[in-house]
């Protein structure tokens, strides 16, 4: 322990505390005289500092590494990792690390008991007997059937049977370096990519599906830049004999250079990047027949520049259904194709919208009833469920109201009930509901106000409910629907109990149009009555994002907001128009002129902040990333003087440089909407910048390419406007890993310096 620099009766003052004291009176450092006025200020401040130091000694402050890197590990609420139902049963398993040793625990929902299921030591013994490398921790095990799980270890497909005594029953050689894409439903084959081409491997050997794959002819991967709910490129049929896959020809798309700075000299890595209004790629769907070793392509027709989304198989594997969306994204056709010949069969129905329509979820056939399927659509203004006959006849709308269905969890054993998550209790919540298809009766199944993440057993009788809210870090409850009994299997302690935190609150304010705008506010830790505090506002403002929910930490994934609150800042966020889960009109209000309604809503938030007696509105900062980086820059240019300083990360600066699929949905093309593109070209508006602005960009960003921020900086130089700039070599659109703490330290230092 270091010796104290000064001692004073009841407390010690350390060198770092002297520095803090002198910062309050910069004129005293190095002087030899103090007047009476200064002395009074010193005495008053000394007592305030003493109280602060005493309070700080009672509770810890978050470090940047804790706030950014440990928020999902040691400082995350306790959890039951790998929690899932045993396939086809009501029992569940989860990963336990009791005594420092990994093991799977199994819960019997009927008896309310738990027991050890598969210890890591036992699994390692079985692997050793089969000549497979042992494990340092239990991997994620996937179900094949009740009692049978699989994993990939040491380039081997390993099957573990736990129906009686644990046993490794199968070890199948495979080369995971080839890039496994997807196993078929019976686990008798898997699809993989090698040298850009698609292969299928099974017990009979390896089969070549394609031969002309390249950087430009892309097979079996997600297409259309992952828009429209697309996340993969292979789709096995129900019986595992047929494989549908995407083929994307992007030779007609312009190359874009992303620089690899690790080489000497640096090298340009060319990617195909379809910008708004420019030539886009062309996609088709192939179907490979394992028995015949043949491939047919679905006759999806012209124009070639269209979007093929939401691929689904019919229950009998005779047909494939695709939501075909025109490039204008205002006309969707749900089309049926013959899987054997590739021929177009018919259009089941169409959806049109003057602004845009965005199919995100494939059709879901009703269990035990192949003549009906469920379709999700926001055609009435909110995302709801519709029941259709397999011929395309609308039977009825299943859910209705000014709220959104956010996820579908499947059917009960008979296919008579459907389970779904929704915001029916309010946009800040998520709850699980059951819906009887026959009469449309719905019942809320989860209990407690907050955000629920639920799993439903195969027969629909048991629910695993993971819930949190701003006061409850996490609870996990097993609910038996027949007995109406609930059993709590985890109640997490507060992982932040030892830390001095700011008070969090979530509330709505009214926007100018009378709509509710939900806000999240962290007050500074240890607030002093009558004192005014600087403010940091974090926002996003774009579609497919909701910042604020009634979940632990208000829905924030990291603890940076609390980090700033500990250091004397009011931290404020709001979900403005354009945000997710508030209905179609709320999102589409920004159509063709991004930013206008969002800035209008943030001004309502600013008015709220200015009305609070503890807010110093002369010291306010703004921060946003990606769409939020665009919004932050836009606001600083068009509402100068409101915020003293701002940080814009990965920002779009000119929408004609952003990808076609996303941009044209919300803006149309530059040719169709020249006024909208001109008004949102921020490089033309740099002369309006008054406050301090820091731009941050990942140098390998393939999403919002670095040309956005570079062009903005060049415009600033041309106009004699000062702007700050930080790059992150080696990082793409988001700065991840250990460097994320560096990023947020940079943001923090910049805001603290200027606020």
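Of note:
- Here residue 665 clears all of (1) on the phi > 0 side of the Ramachandran plot; (2) surrounded by 20 or more Cβ atoms within 10 Å (Cβ to Cβ); (3) out of contact with any strand residue (DSSP E or B) (no Cβ under 8 Å at 6 or more places or on another chain) except the condition numbered (1).
- Exclusive hit being surrounded by 19 or more Cβ atoms within 10 Å (Cβ to Cβ), under 22 Å from the mean Cα position of the chain (by Cα) and within 29 Å of residue 663 (Cβ to Cβ), set 557, 581: 581
- Residue in segment 245-255 that is touching a helix residue (DSSP H, G or I) at 6+ places or on another chain (Cβ under 7 Å) and either surrounded by 19 or more Cβ atoms within 10 Å (Cβ to Cβ) or modelled with pLDDT of 95 or more (or both) present: no
- The residue that is surrounded by the most Cβ atoms within 10 Å (Cβ to Cβ), counting only those in segment 256-267 that are in a loop (DSSP other than H, G, I, E, B) and in contact (Cβ under 8 Å) with a residue 40 or more places away in the chain, is 261.
- When each of 621, 628 is tested for being within 21 Å of residue 754 (Cα to Cα), under 29 Å from the mean Cα position of the chain (by Cα) and either not assigned by TED's automatic domain parsing to the domain that holds residue 590 or not in a strand (DSSP E or B) (or both), the lone residue that passes is 628.
- Lone qualifier among 230, 271 - being in the same structural domain as residue 314 (by TED's automatic domain parsing) and crowded, with 20+ Cβ neighbours inside 10 Å: 230
- Enumeration of residues in segment 270-295 that are more than 18 Å from residue 217 (Cβ to Cβ) and in contact (Cβ under 8 Å) with a residue 60 or more places away in the chain: 275, 276, 277, 278, 290, 293
- Any chance residue 189 is free of Cβ contacts under 8 Å to residues at least 60 places away in the same chain and either in contact with a helix residue (DSSP H, G or I) (Cβ under 9 Å, 6 or more places away or on another chain) or more than 30 Å from residue 663 (Cβ to Cβ) (or both): no
- Lone qualifier among 574, 590 - being within 30 Å of residue 352 (Cβ to Cβ), in contact with a helix residue (DSSP H, G or I) (Cβ under 7 Å, 6 or more places away or on another chain) and buried (at least 16 other Cβ atoms within 10 Å of the Cβ): 590
- Flag for residue 478 being in contact (Cβ under 8 Å) with a residue 60 or more places away in the chain, crowded, with 18+ Cβ neighbours inside 10 Å, in contact with a strand residue (DSSP E or B) (Cβ under 7 Å, 6 or more places away or on another chain) and not in a loop (DSSP other than H, G, I, E, B): yes
- When each of 534, 524, 473, 508 is tested for being outside any strand (DSSP E or B) and touching a strand residue (DSSP E or B) at 6+ places or on another chain (Cβ under 6 Å), the lone residue that passes is 524.
- Matching option when the condition is outside any loop (DSSP other than H, G, I, E, B) and without any contact (Cβ under 8 Å) to a residue 12 or more places away in the chain, among 601, 607, 634: 607
- Within segment 537-568, being without any contact (Cβ under 8 Å) to a residue 60 or more places away in the chain and in a loop (DSSP other than H, G, I, E, B) holds for 544, 547, 556, 568.
- Per the listing 239, 197, 184, the residue uniquely in contact with a strand residue (DSSP E or B) (Cβ under 8 Å, 6 or more places away or on another chain), surrounded by fewer than 20 Cβ atoms within 10 Å (Cβ to Cβ) and on the phi < 0 side of the Ramachandran plot is 197.
- Selection within segment 443-470 - assigned to a strand (DSSP E or B) and surrounded by fewer than 18 Cβ atoms within 10 Å (Cβ to Cβ): 443, 444, 455
- All of (1) outside any strand (DSSP E or B); (2) in contact with a strand residue (DSSP E or B) (Cβ under 6 Å, 6 or more places away or on another chain) hold for residue 573 with one exception: (1).
- Residue selected from segment 356-371 under the condition assigned to a strand (DSSP E or B) and touching a residue at least 24 places away in the same chain (Cβ under 8 Å), by the criterion farthest from residue 325 (Cα to Cα): 369
- Every residue from segment 154-177 that is under 24 Å from residue 119 (Cβ atoms), assigned to a loop (DSSP other than H, G, I, E, B) and free of Cβ contacts under 8 Å to residues at least 40 places away in the same chain: 154, 163, 164, 165
- Failed item in (1) under 21 Å from residue 593 (Cα atoms); (2) surrounded by fewer than 22 Cβ atoms within 10 Å (Cβ to Cβ); (3) more than 28 Å from the chain's Cα centre (by Cα), with residue 681 passing the rest: (3)
- Looking only at segment 361-398, and only at residues there that are out of contact with any strand residue (DSSP E or B) (no Cβ under 7 Å at 6 or more places or on another chain) and closer than 26 Å to residue 232 by Cα, the one that is surrounded by the most Cβ atoms within 10 Å (Cβ to Cβ): 378
- Among the residues of segment 128-148, the one identified as at positive phi and either surrounded by 15 or more Cβ atoms within 10 Å (Cβ to Cβ) or outside any loop (DSSP other than H, G, I, E, B) (or both) is 147.
The values are calculated or read from the model by the stated rules, or taken from the named source; none is laboratory data. All values reported here derive from a predicted model rather than from experimental measurement. Positions of Cβ are generated from backbone atoms using ideal geometry, with glycine treated the same way; all protein chains shown enter the neighbour counts.
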